[in-house]
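We did not get these values from a lab; they are worked out from the coordinates using the rules stated. Everything numeric in this text was worked out from a predicted model, so none of it was measured. Ideal geometry is used to build each Cβ from the backbone, glycine not excepted, and the neighbour counts take in all protein chains shown.
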Amino acid sequence: MTIKILLLQVRQIDDAARLEERASFAAMAGVTETCVIPYDLLTGTPTLAEIRQYDALMVGGSGDYYVSKGNLPNSQTVLDLLAEVAAVGHPTFASCFGFQLMAQALGGEIVYDPDHMEVGTFTLTLTEDGRSDSLFQYLPNTFRAQLGRKDRASRLPDTVLHLAASANAPFQAFRVPNQPIWATQFHPELTKETNLARFRRYMDGYAAVTSPQELQTMFDHFDDSPEANQLIGRFMRLVFGQF
């Protein structure tokens, strides 16, 4: 069985993370890179009909764009599209920027909060709904995950299930109830190594809001995240069975 995944990306053409992100999602999903078809939201927005031609939708991170600032071109069109995706229940996994887009699309609120940003590897805790969720229930009650964010959700949509939290961000994951749609503020597609490489690439942006000592502390805050790295593969098996 060949699975085709549409990956929505928000990255400049010269951002090396464009290709790396595709490779990371493919590796964690257990498919070849040819099965992951990137779509650049900086050049346009797909229609729901176009998305439905793929077995699953995945939404990645962002190098230079913030949901809180609304600086993604055609941002409202993208938000409206993701609300449609949720309404029809198309299989979706969104991380980081994708989590923020999906949260806002469904009625949540995203704020810019560099004072509580998370860069590196952090400990997350499952909520009661997380412990009973068909995807998240396989995680331990506390687990390590890769993060790289300044935006965060200050409020989740009323219609979703809250699955996980961290000390700096109370909303780290949610699910659309009874639909194969999950979103994580953290990056289950990234490992310690790929997250550290991305941090080095975007260091200028972090340096603008942190001291040299804080930057060094961030460098020291990267670790392995084996449980979180199993989520996308489990998503694929849960939705599609053996493939």
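Looking at the chain as a GNM with Cα springs under 10 Å, which of Q146, Q12, Q53 has the largest mean-square fluctuation?
Q53
Rounded to the nearest 5, what is the percent of antiparallel bridges among the DSSP beta bridges in the chain?
The antiparallel fraction comes to roughly 55 percent.
Taking only the alpha carbons of the stretch 1-86, what extent do you get along each of the three principal axes, in Å, biggest first?
Cα spread of the stretch 1-86 along its principal axes, largest to smallest: 39, 29, 18 Å.
Return the FRET efficiency for the residue pair E214, V88: r is the Cβ-Cβ distance, R0 is 45 Å, and the value is rounded to the nearest 0.05.
0.55
Using a Gaussian network model of the chain with C-alpha springs under 10 Å, which one of P212, P170, P114 is most mobile by mean-square fluctuation?
Evaluated over the chain, the most mobile residue of the options is P212.
Projected onto the charge dipole of the chain (+1 at Lys/Arg Cβ, -1 at Asp/Glu Cβ, origin at the Cα centre), which of F199, A87, T217 gives the Cα projection farthest towards the positive end?
Working it through, the farthest residue towards the positive pole turns out to be A87.
Find the relative contact order for the chain and round it to a whole percent, using C-alpha pairs within less than 8 Å whose residues are 6+ positions apart.
Worked out over the chain, it gives 20 percent.
Å³ per residue of the Cα convex hull, for the stretch 5-240? Write out the running numbers ahead of the final one.
Values: hull volume 25.7 nm³, N = 236.
Output value, Cα hull per residue: 109 Å³.
May I ask you to compute the full-extension gain from S154 to R52, defined as 0.36 nm times their residue separation minus their alpha-carbon distance, rounded to one decimal in nm?
So the extension gain works out to 33.7 nm.
Extension gain L238-T2, at 0.36 nm per residue separation less the Cα-Cα distance, in nm?
The span from L238 to T2 would gain 83.4 nm if fully extended.
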